[in-house]
Each structure stands twice: as C-alpha cells, then as structure tokens.
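Engineer: The structure's right below; bear with me while I get my questions together.
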Amino acid sequence: MKLTTKDRKKFRIRNKVKKVANSERYRLCISRSSKNISAQIIDDMKRVTLVSSSSIEKDIKNIKKSKSELSSIVAENLAKKAKEKKISKVYFDRGMYKYHGRVKLFAETLRKNGMEF
C-alpha cells in the first residue's frame, strides 16, 4: 500500500520524536482541522494517553472566539491538566503541520504555562 505525502511526512516526524523519547518525557501530539484543534500527551512506553484537551470539549465549545484564540485556550487547558498530573517535560510532536500559525501559538502558550520541550 502506497502512503500519501502527508502520511510519509507524519511518520517521518513522529519516528524522529520516538527515537529520542525516554521514560522521563512524554510525547505531546497535536492535531488540527479547519475549525478545531486538539492535543494529547502520550506515554509511548505504555501506549497510553495521559492527558488530552480539545476545542470540542463542552466548556471550550461554548466560547465564541477565533481559531487562533481557541488554540491558546486549549493549550492553557492542557497545561493545567498536565500540572495536575505533574507532567512538565514533553516532546512536541507537530505531526504533518508546519510550526507556524495556530501550531506555533499553541506551543508558545504551553511554554508560557510551564511546559518544557
């Protein structure tokens, strides 16, 4: 089965992140669509999602904001949930998305809220 260009790009970036991953850091995976954004912190050793946040959640969905403002709200929510689970160091897995626009704003908001990557 032949992979599309997007899939090859996603696997290439994800495999680079997984190679340097170890037990003390988790992977922060981000995905976005034309209207929404979501992210989750994943433990690749146990293959378990530890924390997740999305713009589709009930408390965030009711807020009428622009897409970039929604991404910063989701990032703040994810950072708050991660602090409760005592997670501060992660690897940023941007997937197939360029580090630009909403993805960059998401990462910068996480850094402001105490996450290290």
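Engineer: Between beta-carbons, use under 12 Å as the cut-off and find the net charge around residue 109, counting Lys and Arg +1, Asp and Glu -1. The partial results should precede the final answer.
Structural biologist: Numbers: positive: 80, 102, 104, 111, 112; negative: 69, 76, 108.
Net of charged neighbours comes to +2.
Engineer: How big is segment 5-85 on each of its three principal axes, counting only the C-alpha atoms and giving the largest first in Å?
Structural biologist: 39, 36, 16
Engineer: Arranged from highest to lowest average of other beta-carbon atoms within 10 Å per residue, in what order do the peptides 8-21, 94-107 appear? Please list the in-between numbers first.
Structural biologist: Values: 8-21: 13.1, 94-107: 16.6.
Highest to lowest by the protection proxy: 94-107, 8-21.
Engineer: For every other residue with a beta carbon closer than 11 angstrom to the beta carbon of residue 49, add +1 if it is Lys or Arg and -1 if Asp or Glu, then tell me the sum. Don't skip to the end; give the middle numbers.
Structural biologist: Numbers: positive: 27, 46, 47; negative: 43, 44.
Net of charged neighbours comes to +1.
Engineer: Okay, moving on. Placing +1 at every Lys and Arg Cβ and -1 at every Asp and Glu Cβ, with all other atoms neutral, what dipole size does segment 60-117 have around its Cα centre, in debye to the nearest 20?
Structural biologist: Working: 16 positive and 6 negative charges, 26 e Å.
Dipole about the Cα centre, nearest 20: 120 debye.
Engineer: Could you give the dipole magnitude of segment 1-76 about its Cα centre, charging the beta-carbon of Lys and Arg +1 and that of Asp and Glu -1, in debye to the nearest 20?
Structural biologist: Numbers: 21 positive and 8 negative charges, 126 e Å.
So the dipole magnitude of segment 1-76 works out to roughly 600 debye.
Readers should treat all values here as calculations from the given coordinates under stated rules, not as data from a laboratory. Every value quoted in this text rests on a predicted model; they were computed, and no experiment measured them. Note that each Cβ is placed from the backbone with ideal geometry, even for glycine, and that neighbours are counted across all protein chains shown.
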